[in-house]
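Working notes for the structure below.
Where a number appears in this text, it was derived from the coordinates with a stated rule and is not lab data. Note that the coordinates shown come from a computational prediction; the quantities given were computed from them, not determined experimentally. Virtual Cβ from ideal backbone geometry, glycine too; neighbours counted across all protein chains shown.
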Amino acid sequence: MKRVYAREEVCAGCKLCEVHCIVAHSQYPNDIVKAFKKGVLPVSRVIVEEDRPVSFALQCRHCQDAPCTKACITGAMHRDLETGIVINNEERCVGCWTCILACPFGAIKRDESGEKVASKCDLCSAGDGVPACVANCPNDALVFEERE
């Protein structure tokens, strides 16, 4: 399965990955201006960690054992059997945050912009195949590829 990998040696910490993630998951996924001017903005599903001089984008690793799926009390956090992506069914999520506690990478956040649900990288599964953060990184600090 392809995953997003950060190359911290070239990350400038610009946070454009966060901006484009928000836009991709907004009501206006193809219009950055409308996404930020109208409606409620979703939480970014990628987090830029900075400790100068090092910065990198952090997102869900879609772990093989996925502790978040085991911790989820409703089964909302689950692995899509077809794609292998760990996703959250927001309709089933009750906002108990056990997935946040279980994630060893700190890649799951609380999205309280609308319903109180867990929010995490879904590899832009509704998009064209390349996650928005990767497609819009100006330094190619994010790559989307398979590794062993």
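Listed cross-link partners LYS2/LYS116; LYS15/LYS109; LYS15/LYS120 are compared with a 19 Å cut-off, the Cα-Cα value being larger for LYS2/LYS116. For Cα extents along the principal axes in Å, pick the label among [x] 41, 39, 31; [y] 51, 30, 23; [z] 61, 43, 32 that corresponds to the value derived from the coordinates. Of the labelled values, this structure produces [x]. When shorter helices are ignored and each DSSP H run of at least 4 residues is given -39500 (n - 2.57), the per-residue value for the chain at 222 nm works out to -4500 deg cm²/dmol.
Quote the charge dipole size of the chain about the Cα centre in Debye, to the nearest 20; the model charges only the Cβ of Lys and Arg (+1) and of Asp and Glu (-1).
I would put it at about 340 debye.
For the chain, relative contact order (Cα pairs under 8 Å, six or more residues apart, normalised by length) works out to 31 percent. Here is the short version for the chain: CYS11, CYS14, CYS21, CYS63, CYS72, CYS93, CYS96, CYS103, CYS124, CYS137 have no other Cys C-beta closer than 4.7 Å. Springs join every pair of Cα atoms under 10 Å in this Gaussian network model of the chain, and among GLU82, GLU112, GLU90 the largest mean-square fluctuation is at GLU82. Distance between the 7 Å Cα→Cβ label points at LYS116 and ASN139: 3.7 nm. The amide H of CYS121, built 1.01 Å from its N in the peptide plane, has CYS60 as neighbours under 5 Å, considering only residues 5 or more places off or on other chains.
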